[in-house]
């Protein structure tokens with residue numbers, strides 16, 4: 001499943017990739033909802049599902065992602081790669097770290113907004 005992470009005000013209600021302003025896109029990849037739920041659990045957070053395909057990621061995740069040290073973010077990616085949703089896959093923790101770093105640095109210019117995940 002393709003997931004697009006983007007920054008927007010809380011009242012966002014996008015339902016397709018085409019609706020997301022290009023300058024709001026933070027990154028994405030081929031992740032399941034279980035993958036994203038496991039990522040959030042690594043940050044001791046949980047999302048709010050606004051619809052079946054649109055999740056508002058918690059403010060605690062957003063705030064921590066913006067300030068976390070890159071080395072600690074790499075450690076979280078290693079932990080994330082050990083979660084159950086990746087069982088029986090050949091996921092590379094450094095690939096996951098790369099995704100997280102892209103999102104982190106893209107988000108810094110949108111720090112007054114929240115992070116959403118749109119599943120398509």
Discussion item. Cβ neighbours within 10 Å, averaged per peptide: list 6-17, 33-44 in order, most packed at the top.
Written reply: 33-44, 6-17
Item to complete: Counting helices only, and only those DSSP H runs with n ≥ 4, report the 222 nm mean residue ellipticity of the chain as the sum of -39,500 (n - 2.57) divided by its residues, in deg cm²/dmol to the nearest 500.
Response: -12000 deg cm²/dmol
Response to the item:
In degrees rounded to 10, the 0-90 angle between helix 93-107 Cα long axis and the longest Cα principal axis of the chain is 30
Discussion item. With mean projected area of the Cα convex hull in nm² as the read-out, I listed (i) 6.6; (ii) 7.5; (iii) 7.9; which label goes with the value calculated from this structure?
Written reply: (i)
Worksheet item: With each label point set 7 Å from Cα along the Cα-Cβ vector, what nm distance links residue 51 and residue 90?
Response: 3.7
Response to the item:
Full extension between residue 41 and residue 108 adds, at 0.36 nm per residue less the Cα distance, a length in nm of 21.9 nm
Worksheet item: Pairing the Cα long axis of helix 70-81 with the longest principal axis of the chain, what angle in degrees results, from 0 to 90 and rounded to the nearest 10?
Response: 80
Practice prompt. Rank by packing, highest mean first: peptides 70-81, 87-98, with packing defined as the count of other Cβ atoms within 10 Å averaged across residues.
Written response: 70-81, 87-98
Item to complete: Find how much the distance from residue 79 to residue 34 grows on full extension, using 0.36 nm per residue of separation minus their present alpha carbon separation; answer in nm with one decimal.
Response: 14.7 nm
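Throughout, read-outs are computed from the coordinates displayed, never taken from laboratory work. As the structure is a computational prediction, the values presented were derived from the model and not from experiment. Cβ atoms come from the backbone with ideal geometry, glycine included; neighbour counts cover every protein chain shown.
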